[in-house]
Amino acid sequence: MTKLTLGLVDSIMVDELSPLVIDDYLESTGHFLMRGTRSRKPYLVNDKGLVLKEYDILNEGPDGVGANGAIGYGFLDQDRWVAQGIFNGYHIFDMKGKKVKLLEPIQLDIYAMSIYSYRTFFRSFTKSGKGIIIGQEQNLFDPKTIEKDKIQTPEYYEKVKTVFAYAVENGQLDLLETYPEEWTPRKMGDFVGQSQPIVAYHRHLHEMAILPAIGNQLFIYDFSKAYPELKKVVELSHRFLPEGLPERGQEVEGYSDYPNFTYVRYVGERLLVEFKTKIPVDLITQLRSKSEQYYNLPEFKEALEAFAKPYYMVVDNGEQIGVLDGLPVHGALDFADENGFIYVNDNLEPEVEREYNIFYKLNFNELD
């Protein structure tokens with residue numbers, strides 16, 4: 001595999017004390033929707049780093065999403081944006097911060113909950129003049145509806161659908177194929193856990209990518225029509241990504257060191273896939289023998305630094321074209337846009353303490 005490298009194009013400084021992450025970017029306006037990681041407050045920021053609007057929506061008022069805030073934010077078009085409330089639906093706002101619509105919650109109940117610093121669970125856009133929200137919601141099915149003896153069998157992948165398309169105008173909810181028939185664990189009848197997929201969507205190509213967390217396959221769909229049509233299955237490879245599936249019985253007290261996919265995003269018309277390696281099982285076993293709260297041990301933190309590392313693969317035109325080992329600047333992969341730029345966040349764990357936010361803007365050297 002060709003080793004690709006990134007070059008620093010620019011840096012964006014946002015004069016805000018609270019640590020921020022990028023939830024969305026609208027190429028047509030050059031505006032970001034950023035989120036305070038502690039406050040969960042949304043900010044409208046231009047591509048020079050100027051805060052245009054700090055939205056006051058973390059309240060129970062008519063233009064609020066509730067005091068608990070939202071999981072993530074995304075542009076619907078140039079005039080509207082979306083906030084995914086915590087368990088209370090999708091709130092549609094205009095650019096002044098006035099709520100114009102509330103879409104009802106889609107989860108059946110709260111069976112599980114995950115929140116990530118750099119990931120949102122949906123992508124909002126407008127197609128043929130109609131607003132659509134596409135995403136993944138792990139509470140779209142009731143675990144009790146699957147017979148107990150089948151909850152950990154391949155039948156799980158046939159029954160469970162947690163990827164969705166939600167129409168903004170009429171509230172129609174469509175459940176989409178979540179674990180494709182060509183996904184190896186489903187095809188081979190091998191259960192590898194829930195393996196909740198990650199979803200990416202290209203607003204202008206109307207193309208969707210689904211990446212199950214386990215395995216080595218990326219699924220690309222044409223979504224220009226009413227429903228997605230699978231057009232490409234990409235076989236991913238990396239020297240630190242096992243070719244086979246995790247073997248049953250290799251876990252230790254529920255822990256497996258099999259690497260999981262953690263991110264997929266369009267960079268221009270290409271796709272950037274991230275996976276992370278883990279601390280080996282035997283080392284975790286040693287740490288657990290020292291303390292029940294092994295995660296507080298200095299040795300655990302040293303092991304994280306030594307073994308838990310992100311690696312990247314790049315897909316272009318339905319084929320993997322190379323790998324990317326690490327980032328050239330300090331920070332974590334935060335966002336990528338359809339103009340072909342990647343944004344690295346140095347705010348949550350900054351190299352140097354400061355009273356403002358920095359986002360490094362990068363692109364691929366070999367692909368210019």
Looking across the stretch 20-65 at residues that are free of Cβ contacts under 8 Å to residues at least 40 places away in the same chain and polar (S, T, N, Q), the single one that is farthest from residue 334 (Cα to Cα) is 59
Can we say residue 215 is open to solvent by less than 30 Å² (accessible area, probe 1.4 Å), over 15 Å from the mean Cα position of the chain (by Cα) and under 30 Å from residue 2 (Cβ atoms)?
-> yes
Positions within the stretch 218-250 being closer than 22 Å to residue 326 by Cα and open to solvent by 80 Å² or more (accessible area, probe 1.4 Å), in sequence order = 235, 239, 240, 243
If you go through the stretch 352-367 one residue at a time, do you hit one that is open to solvent by 30 Å² or more (accessible area, probe 1.4 Å), free of Cβ contacts under 8 Å to residues at least 12 places away in the same chain and polar (S, T, N, Q)?
-> no
Report, by residue number, each residue of the stretch 263-296 that is among the acidic types (Asp, Glu) and open to solvent by 30 Å² or more (accessible area, probe 1.4 Å).
-> 269, 282, 292
From the list 254, 244, pick out the single residue that is without any contact (Cβ under 8 Å) to a residue 60 or more places away in the chain, out of contact with any helix residue (DSSP H, G or I) (no Cβ under 6 Å at 6 or more places or on another chain), of a type outside the set (D, E, K, R) and within 30 Å of residue 297 (Cβ to Cβ).
-> 254
Looking only at the stretch 122-144, count how many residues are of a type in the set (Gly, Ala, Ser) and out of contact with any strand residue (DSSP E or B) (no Cβ under 6 Å at 6 or more places or on another chain).
-> 3
Within the stretch 96-132, residues among the aliphatic types (A, V, I, L, M) and either open to solvent by 50 Å² or more (accessible area, probe 1.4 Å) or at positive phi (or both) come out as 100, 102, 108, 110, 113, 115
Candidate set from the stretch 181-202 (those that are more than 30 Å from residue 27 (Cβ to Cβ) and among the β-branched types (Val, Ile, Thr)); member that is surrounded by the fewest Cβ atoms within 10 Å (Cβ to Cβ) | 184
If you take the residues in the stretch 1-17 that are β-branched (Val, Ile, Thr) and within 18 Å of residue 350 (Cα to Cα), which one is surrounded by the fewest Cβ atoms within 10 Å (Cβ to Cβ)?
-> 12
Matching option when the condition is in contact with a helix residue (DSSP H, G or I) (Cβ under 9 Å, 6 or more places away or on another chain) and open to solvent by 50 Å² or more (accessible area, probe 1.4 Å), among 145, 178 | 145
Whichever residue in the stretch 30-61 is open to solvent by 40 Å² or more (accessible area, probe 1.4 Å) and among the basic types (Lys, Arg) and, among such residues, is modelled with the lowest pLDDT | 38
Identify all residues within the stretch 69-87 that are part of a loop (DSSP other than H, G, I, E, B) and either open to solvent by less than 10 Å² (accessible area, probe 1.4 Å) or under 11 Å from residue 133 (Cβ atoms) (or both); write none if there are none.
-> 69, 76
How many of the residues in the stretch 66-84 are at pLDDT below 95 and closer than 25 Å to residue 334 by Cβ?
-> 4
Here the residues within the stretch 188-212 that are within 15 Å of residue 164 (Cβ to Cβ), of a type outside the set (Val, Ile, Thr) and within 12 Å of the chain's Cα centre (by Cα) are 196, 197, 200, 201
Confirm whether residue 79 is free of Cβ contacts under 8 Å to residues at least 60 places away in the same chain and over 22 Å from the mean Cα position of the chain (by Cα).
-> yes
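The values are calculated or read from the model by the stated rules, or taken from the named source; none is laboratory data. The structure presented is a predicted model; accordingly, all values stated were derived computationally and were not measured. Because the Cβ atoms are built from the backbone with ideal geometry, glycine has one as well, and the counts that use them run over all protein chains shown. Protein only, heavy atoms only, side chains kept; ligands, DNA and RNA dropped before computing areas. Shrake-Rupley method; radii C 1.70, N 1.55, O 1.52, S 1.80 Å.
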